[in-house]
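Structure record follows, encoded as structure tokens.
The values are calculated or read from the model by the stated rules, or taken from the named source; none is laboratory data. All values reported here derive from a predicted model rather than from experimental measurement. Quick reminder, even Gly has a Cβ in these numbers, built from the backbone with ideal geometry, and neighbours come from all protein chains shown.
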Amino acid sequence: MKKTKTEYADFSQVKNYLIFLLSKQEYSEKKLRVKLLQKTTNQEWIESAINELKEKKWQCDSRYAKIKIRNRTACGYGPLYIKMELRQENIDSNEHDDFSKSTEDWSEEARNHVEKKYGEPPYDFKKYSKIVNLLMRRGFTQDHWYGWLRYKK
């Protein structure tokens, strides 16, 4: 059975829905707008509800970005992938100091991810190319993986 779309009748319902969403997890402003557009078409309500929550600091894109960066790094993603995800949500990734990690720090993240997935070296050529492809898909640059992987062959 298909759910019918419930249209909110007043501003307080829109605001309560936002508070409900933010009580469960952090959301970017863009994601909140998308969720609200499913519930109401009144742009004034959406704007004023989001602005009110931002003024009270209940919604903050920089806090959302910090959580996203930390979670994605823990899942084994590199800086390029994380920056791309933040850009898709209209968040400027240059203002966050979590990306100011040195190349060695990101190399360590890449090494940890590879050893978790493929075990300890030595790696043969076939496994070496799988590792390189994995790290490139995960958003690591050549500088992040080349140095330590070259000596582990």
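Can you pull out every residue in the stretch 52-62 that is exposed (fewer than 12 other Cβ atoms within 10 Å of the Cβ), part of a helix (DSSP H, G or I) and modelled with pLDDT of 90 or more? Full working, then the answer.
Pass one, the stretch 52-62, residues exposed (fewer than 12 other Cβ atoms within 10 Å of the Cβ): 55-57, 62.
Filter again for part of a helix (DSSP H, G or I), leaving 55, 62.
The one that is exposed (fewer than 12 other Cβ atoms within 10 Å of the Cβ), part of a helix (DSSP H, G or I) and modelled with pLDDT of 90 or more: GLU55.
Considering only residues that are of a type in the set (Phe, Trp, Tyr) and over 18 Å from GLU29 (Cβ atoms), look in the stretch 63-92 and name the one that is surrounded by the most Cβ atoms within 10 Å (Cβ to Cβ). Quick ask: steps written out before the conclusion?
We begin by selecting, within the stretch 63-92, every residue of a type in the set (Phe, Trp, Tyr); these are 64, 77, 81.
Within this subset, residues satisfying the condition of being over 18 Å from GLU29 (Cβ atoms) are 77, 81.
Values: TYR77: 20, TYR81: 17.
Among those residues, the one meeting the criterion is TYR77.
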